[in-house]
Amino acid sequence: MPKLPTYQTDHQTITFNNSNRQIQLTIITPEIIRVSENRGDHGASYAIEGDKETTTTYTVKQQPDHYEITTAALTIKVDAAMHIDAYDAHGNPLVTDYRGSRTPLDRGIDEEHKKFVQEEGHNVPGADDQNNPDYFQVVKDLAPDEQIYGLGDKTGYLNKRGYEYDDWNTDNPAPHLENFTRLYKSIPVMIGLKAGHPYGLFFDNPYRSHFDFGKENPNYYFYSAEAGNLNYYLIGGKTLKDIVTNYTYLTGRTPLPQKWTLGYQQSRWGYSASQKMVQDIVDSMHKYDLPFDVIHLDIDYMRGYRVFTWNDEAYQGNPKKFVTDLKATGTKIVAIIDPGVKKDPGYNIYDQGIKNDYFVKDPAGNVYVNQVWPGNAVFPDFGRQAVQKWWGKNDQFLTDMGVAGIWHDMNAPASFQGEIPQDIVFSDHDQPSTHKKMHNVYGHNMAKATYDGVKRATDRRPFVITRAAYSGTQKYSTVWTGDNHSIWPHLQLLIPQLCNLGISGFTFAGTDIAGFGSDATPELLTRWIEAAIFSPLLRNHSAMGTRAQEPWAFGEPTLSIYRKFLKLRYRFIPYLYDLFAKESKNGLPLMRPLVLNYEDDPRVRNINDQYMVGDAILVAPIVQPSQTKRLVYLPAGKWIDFWNHREYEGQQDIVVDAPLDKLPMFIKKGTILPWGAEVDHISETPDPTMTFNVYGDSGSYHHYQDNGLDFKYQHGEFNDYLVNVDHGQVSVEFVHHGFQPYRKITVNLNNQPVTLTYNSTTEHYE
C-alpha cells in the first residue's frame, strides 16, 4: 500500500506533504474549505476581501489508505496520491478526483491532421498547452446525473454540462452563439447537483483558464489554467440556496442599490452627441406616457472621446445646468467612461497620469500605447492603490456635473490594434506583474476604483455599471451581458444568462433590451421587454447605425404593449427592492432559475425558458417568433394566474394563451406582494402609503423600507414590516422601526381592501 503523506496542522490549516507535493486544506467555515498549492505565484485574491475564516471545529483521522478531515458539513478525504475527495455530512460524494488520465473522445483525427485543423482556426478538444511549465489542471469525476450551473453569463443553456468555456475577458462584437467559449467576464464558480446533492467549486485564479464540463469526455470535468497557484474552494450546504449564500459570503454580495436604479433606463449610442438629442428622447418618453428614470450618455458626450471631459458646445455651454434641470424633473443621467486615456500632451488626465507614472508600460519601461475610441491611448494601471484613488477622484468630475451613475465599457481591456501583449507590465496589488495575470481583473479593479470614488464624493450608494468583471465585482458594480444582437437566439439566451449570473453572485444584471447590434423588429422588441421586465437592470440600448428601437419606434400596438409592461414594472419595484434588501444579507438573486427554488424536482433542472422572481413569481416568456401559446411547467404547490386569477395545481404542464400583449405569469398561492403606485419615475421622497395584494386567503410577508438613497439604513434607519393575513384577518407589525412609516397601508384581500392607519402615539397600525 502506498505510503500516506505526512501532515501538520496550524490552527485551521492542514498541510499535507509527500515527496512531490505540498497541499494545504484550510477550513474557512464548516461549509467552505480551501484547497491550495503554492506554485510560486504571489499576490492576494481580488475576489475575496477581508478575513473570511471563522472558528470551526474539525477533526483529522487517519484511515488505512486515506485521511479524513471532517467539519459539521463536509468531509474531505486525502489519499497517498494526494487525491482530494469531498463528501457532505451524510457521506454523499460531491466532488471527487478523477483517477484516470484524460482521454478525449475519438474525433477521427490523428496528430498530423490535428495540426492542420488547428492552423485553419478550428478548436480541437484536448489540445491544451500542457507543455507550458506553468500549466496545471484539476480533473474531477462527472456523474451520469450531474448538473452544472454558474460561470456567470456564458453562452449556451442553463445547465453547462457538455460545454467548454474559457475565462479570458474578451470583446467580440459578433453575435454570441452557443459555441462561444468566452465573453466579457470571468466568473470561475460552478454550482452542481450530483445525484441531487448540491455543491460549489470556486477556482480563484485570475490567469487565463479553461473549463470543460464533459465535452472532452462524459466521465469527467476539468479546470485548467495557464499559470498561477492551485487555489480552489469546496463549498457545501444542504440546498442550492445554501451554496449560493456560502459562495457570496466568500466573494461578497451585491449591496442594496438606490431605489431609482430599478426604474426603466433608455439608451442608444448617439443620443449624447447633443443636448437637443437627449432632450428629444426625454420629451418623447413623457409624450408617450412611458415611465422612466434614466437616460444614458454614450461616448459622444465627451470632447473627442477624452475621458472626464464634456463637449460643452454641444450642450449649450452648460452641461451641468442641463443635467441638473433634468434631475429636477425626475430624469437622471448615467454617463459612460472607458479606461483608455487619449495620448494627448496638454490634456490634463493624460498629463496627470504621465507625471505620476500611472499608466501601464512595455517591458522596456515605455508607456504602452494602443488604440481605442480616442485614437492612440494609454491605460491606467488599476492594480495600484494610488491609481485607483486617482481615478476615483476624477470620477468626481461627473458627479459634480450631477451625473447619477457611471457606466464602464471597453474594460476587458479592449483595444483596436490587436490584443494587449501578455508581457505588458501591469501591477498586482502594487507589485510589478503582467497583463497575462491582470487581464481578467482589470475591469474589476476599475469598478472598485469608481465605486470607492463615487462613495467618497457623494455619500450615496454608488451606481456603477461594468461590462468586464471577475468574481467579487458584484460588491462594486451592476453588470450587463455586453454587445448582444437583435436576434431571437439572444432573446432566448437572456434567461440562462441572467439566471446563471444571479447564482454566480451577480444579482444586479440585465441585457440590452431588443439587442445592441442588428435591427430589431416590432415583435422582437415586444417579446424582449416582456421577458426582461423583472430583470434587475432594465435598459433598452442599441448601436449607432441600427434601426431605432425606442418604445415608439414601431408605432402601435408595440408602443401600447411596451407602456403596459413598463407600468407593470413600476408596480413591482417595491417587491424587487425587498428582494435586494434580502439579497444583501443572504446573497440569493432576484431572478432565479427554477432549480434554485425546487432542486428536488428533476423536471426543473434543465428549464431554460422560465424563471422565478424570488420565491413567489413564476415567469414564462415567449422567446420564439410567431408563438401565441406555450407550455408552462408549474412546480409543487398551487399557482394563481396573474392575469385571470385562475388557480392551478403544481407539478404539471399547462398550455397557456400568450398573445402578443401577454406575458405568462403565475403567483404562488399564499403569497403577499407589495404593489407600488402608478408613477412616472421613482421619487426620492418616501412613499406615504403602500398596498399589498394577497394571493389566496392567508400568508405573511416581510417588507423593507428606507430612504432608497444613502447608507443611513446601515445605522438602523429602516423599517421592517411584517404583514400577516389569516382568513380575512389582517395585521401589520414592526419587526424593526427606524424610519418614517407609511401613513396608511392597504391590504387587498380577495378584492376587498382593508386599510390600516398608522397611529403615531401607539406606533401601531390600526
Checked the stretch 129-163 for anything in a strand (DSSP E or B) and within 20 Å of the chain's Cα centre (by Cα); matches are ILE148, TYR149, GLY150
SER477 - would you say it is more than 24 Å from GLN258 (Cβ to Cβ), buried (at least 19 other Cβ atoms within 10 Å of the Cβ) and modelled with pLDDT of 95 or more? no
In this structure, does GLY236 turn out to be surrounded by 21 or more Cβ atoms within 10 Å (Cβ to Cβ), of a type outside the set (Ser, Thr, Tyr), assigned by TED's automatic domain parsing to the domain that holds ASP300 and in contact with a strand residue (DSSP E or B) (Cβ under 9 Å, 6 or more places away or on another chain)? no
The condition from (1) surrounded by 22 or more Cβ atoms within 10 Å (Cβ to Cβ); (2) not in a helix (DSSP H, G or I) that LEU398 misses is numbered (2)
Of the conditions (1) in contact with a strand residue (DSSP E or B) (Cβ under 8 Å, 6 or more places away or on another chain); (2) without any contact (Cβ under 8 Å) to a residue 60 or more places away in the chain, the single one that PHE202 does not satisfy is (2)
query = Do the conditions hold for SER415, that is, is it surrounded by fewer than 24 Cβ atoms within 10 Å (Cβ to Cβ), of a type in the set (S, T, N, Q) and within 25 Å of the chain's Cα centre (by Cα)?
reply = yes
Counting only strands (runs of 3 or more DSSP E) wholly inside the stretch 675-766, the ones holding at least 3 residues that are under 30 Å from ALA328 (Cβ atoms) are 689-695, 698-705
Scanning the stretch 384-398 residue by residue, those over 21 Å from LYS361 (Cα atoms) and either charged (D, E, K, R) or touching a strand residue (DSSP E or B) at 6+ places or on another chain (Cβ under 7 Å) (or both) turn out to be LYS393, ASP395, LEU398
Only one of (1) assigned to a helix (DSSP H, G or I); (2) out of contact with any Gly (no Cβ under 6 Å at 6 or more places or on another chain) does not apply to ALA520, and that is (1)
Log entry, pairs with first residue in the stretch 377-390 being surrounded by fewer than 18 Cβ atoms within 10 Å (Cβ to Cβ), second being of a type in the set (S, T, N, Q), beta carbons closer than 7 Å, six or more apart or on different chains, reads none
Selection over the stretch 167-193 where residues are crowded, with 21+ Cβ neighbours inside 10 Å and not hydroxyl-bearing (Ser, Thr, Tyr) yields a count of 12
Filter the stretch 164-192 for residues that are β-branched (Val, Ile, Thr), in a loop (DSSP other than H, G, I, E, B) and touching a residue at least 60 places away in the same chain (Cβ under 8 Å); the one that is nearest to ALA227 (Cα to Cα) is ILE187
Within the stretch 639-652, of all residues that are part of a strand (DSSP E or B) and under 30 Å from the mean Cα position of the chain (by Cα), the one surrounded by the fewest Cβ atoms within 10 Å (Cβ to Cβ) is ASP641
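May I ask you to verify whether ILE281 is surrounded by 15 or more Cβ atoms within 10 Å (Cβ to Cβ), in a helix (DSSP H, G or I) and among the hydrophobic types (A, V, I, L, M, F, W, C)?
yes
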>> Would you confirm whether or not the stretch 502-518 contains a residue that is more than 29 Å from ASN159 (Cβ to Cβ) and either touching a strand residue (DSSP E or B) at 6+ places or on another chain (Cβ under 9 Å) or surrounded by 24 or more Cβ atoms within 10 Å (Cβ to Cβ) (or both)?
In response: no
Within the stretch 743-757, residues being modelled with pLDDT under 95 and surrounded by fewer than 14 Cβ atoms within 10 Å (Cβ to Cβ) number 3
For the stretch 440-463, pairs from a residue that is farther than 14 Å from ASP338 by Cα and small (Gly, Ala, Ser) to a residue that is crowded, with 19+ Cβ neighbours inside 10 Å and at pLDDT below 95, with Cβ under 7 Å and 6 or more apart or across chains, are none
For the stretch 57-81 the number of residues that are surrounded by 17 or more Cβ atoms within 10 Å (Cβ to Cβ) and either in a loop (DSSP other than H, G, I, E, B) or among the acidic types (Asp, Glu) (or both) is 4
All-but-one check, LYS668 against (1) in contact (Cβ under 8 Å) with a residue 24 or more places away in the chain; (2) over 22 Å from the mean Cα position of the chain (by Cα); (3) under 30 Å from GLU556 (Cβ atoms), failing number (3)
The condition of being touching a residue at least 60 places away in the same chain (Cβ under 8 Å), among the aromatic types (Phe, Trp, Tyr) and within 29 Å of HIS444 (Cβ to Cβ) holds, among TYR46, TYR67, TYR7, only for TYR46
Checked against (1) part of a loop (DSSP other than H, G, I, E, B); (2) within 19 Å of SER36 (Cα to Cα), HIS210 satisfies every condition except (1)
Over the stretch 481-512, the set of residues over 19 Å from GLN610 (Cβ atoms) and not hydroxyl-bearing (Ser, Thr, Tyr) is GLY482, ASP483, ASN484, HIS485, ILE487, GLY505, PHE506, PHE508, ASP512
Considering the stretch 24-56, residues that are under 22 Å from HIS83 (Cα atoms) and polar (S, T, N, Q), and then whichever is surrounded by the fewest Cβ atoms within 10 Å (Cβ to Cβ), we arrive at ASN38
Of the candidates THR29, THR13, THR9, THR54, the one satisfying the condition of being closer than 24 Å to ASN246 by Cβ, out of contact with any strand residue (DSSP E or B) (no Cβ under 9 Å at 6 or more places or on another chain) and modelled with pLDDT of 95 or more is THR29
Only one of (1) of a type in the set (Lys, Arg); (2) crowded, with 22+ Cβ neighbours inside 10 Å; (3) over 29 Å from TRP260 (Cα atoms) does not apply to ARG592, and that is (3)
When every residue in the stretch 227-278 that is of a type in the set (Lys, Arg) and not in a loop (DSSP other than H, G, I, E, B) is compared, the one farthest from TYR135 (Cα to Cα) is LYS276
VAL679 meets each of (1) buried (at least 19 other Cβ atoms within 10 Å of the Cβ); (2) in contact with a helix residue (DSSP H, G or I) (Cβ under 8 Å, 6 or more places away or on another chain); (3) over 24 Å from LYS582 (Cα atoms); (4) of a type outside the set (Asp, Glu) with one exception, condition (1)
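The values are calculated or read from the model by the stated rules, or taken from the named source; none is laboratory data. Keep in mind that this is a model prediction, so the values were computed, not measured. Glycine gets a Cβ as well: all are built from the backbone with ideal geometry, and neighbour counts include every protein chain shown.
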